[in-house]
1. Taking chain A as the reference, fit the longest principal axis to its C-alpha atoms, fit the long axis of helix A:48-83 to the helix C-alpha atoms, and give the angle between the two in degrees, 0 to 90, nearest 10.
2. Could you give the nm distance between label points at residue A:61 and residue A:279, where each point is 7 Å from its Cα heading toward the beta carbon?
3. For segment B:1-131, what ratio Rg/Rh do Cα atoms give with a Kirkwood hydrodynamic radius?
4. Rounded to whole Å, give me the distance from the Cα center of segment B:96-124 to that of segment B:36-88.
5. How are the Cα pair distances of segment A:89-213 distributed, in percent, across 5 Å bins from 0?
6. Residues of B:131-141, mean number of Cβ from any other protein chain within 10 Å of their own Cβ, rounded to a whole number?
7. Report the relative contact order of chain B, percent, no decimals, based on alpha-carbon pairs under 8 angstrom and at least 6 residues apart.
8. Which residue fluctuates most in the GNM of chain A (Cα springs below 10 Å): A:37, A:184, A:102?
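Bear in mind these aren't lab numbers, they're just calculated from the coordinates by the rules spelled out. Computed from a prediction, not measured in an experiment: that's the story for all the values here. Cβ placement follows ideal geometry from the backbone for every residue including glycine, while neighbour counts extend to all protein chains displayed.
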């Protein structure tokens, strides 16, 4: 390569000064960048608004591209379905006939179940979802594991709300913009979820490892064994995640800590469901003037 | 087919060509917007690759302070802490300036080596500031660095292609 001409700009004072000024700007700017980096390391949500406003512009782009991709991706399946429709029809008819008896039995069981539940007055705590939206992109070139959700504070999404998919927990909302939100995935190295084992209720913490897997560490006093296939669900401790959402399955035997794989693989997920935080922070205490004078002062 | 410009025809409009390097680096950074939910960091830093491509093949195309705004944009879309790409990309430019003084006439292989060093520097420091030290991301990080280094000739070729019009004029 030939030497660049900018090294020695000749006798022109103007060219020399502008080159020098460029270096001054670069050095000053890198100092500013170092300060910004220190700030964002010490206080990660410091620049959330800046990121959210860029996200407002970029999220529709990702969403549009993913829509086009889904449309193209559905073409081969559509052709295959069209060709296989006769065989499939016959197979489905046979299956329907086979399962009719099973279905009738399940229907009576379900009816019994309803009556018995009413008898017991079991009140199920159903976590009502805030919104169902798609995850449209992720931090694929970074060591952090964030995803961008195609819904924001206009749809009711707020910071700290858990996000789950059909198979299990995906993560929680970290920052929100008006129409987009940034989700901290379970596998992020800074994500911690309180969980318990379904078999015996043994409490543990599921921490992201950064390589797509989770570290499940026991928080019980006694030594515990983790066997492959142990299933962990959220315990509801901490107040963010509502209980009994599937989180991880252990893949390797371990004592006190083991490696698990999360149930929801967000690269295959279609829709993500944003739920309310299990126990939201208490509302601010009303001022004395706002309270109605119904309660008598204590004697 | 392009019409050959005669000696007395007026020069074609070059006002857009000034922004081609900047826009291509920003497009590289914006590739993280591709709808893909990755469970590990599999995408090479295309913004950095384009930046190094421009710097090493056409050193006058970007000012010495250009990595600051470009790095800011990359930080905003990549999920790294704000300021990391700004700082590390600018430091890369300074290092390449020093190398320009020492090794004046370089072959492409030496440029590739410089780019490999810069990519490793940016990605490793980016991992150190973004993720806790005990996270298990290092194996994939090495893979990501290797892929990025292997993609550098492609980026350099792309830069040469984008700058090709300039040469003909």
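1. Long axis of A:48-83 versus the principal axis of chain A: about 50 degrees.
2. Placing both labels 7 Å beyond Cα along the Cβ direction yields 4.3 nm.
3. 1.05
4. A separation of 16 Å, based on Cα centres.
5. Using 5 Å bins, I get a P(r) of 2, 9, 13, 13, 12, 11, 10, 11, 12, 7, 1, 0 for segment A:89-213.
6. So the per-residue partner count for this stretch is 5.
7. It comes to 28 percent, rounded to a whole number.
8. The residue with the greatest mean-square fluctuation here is A:102.
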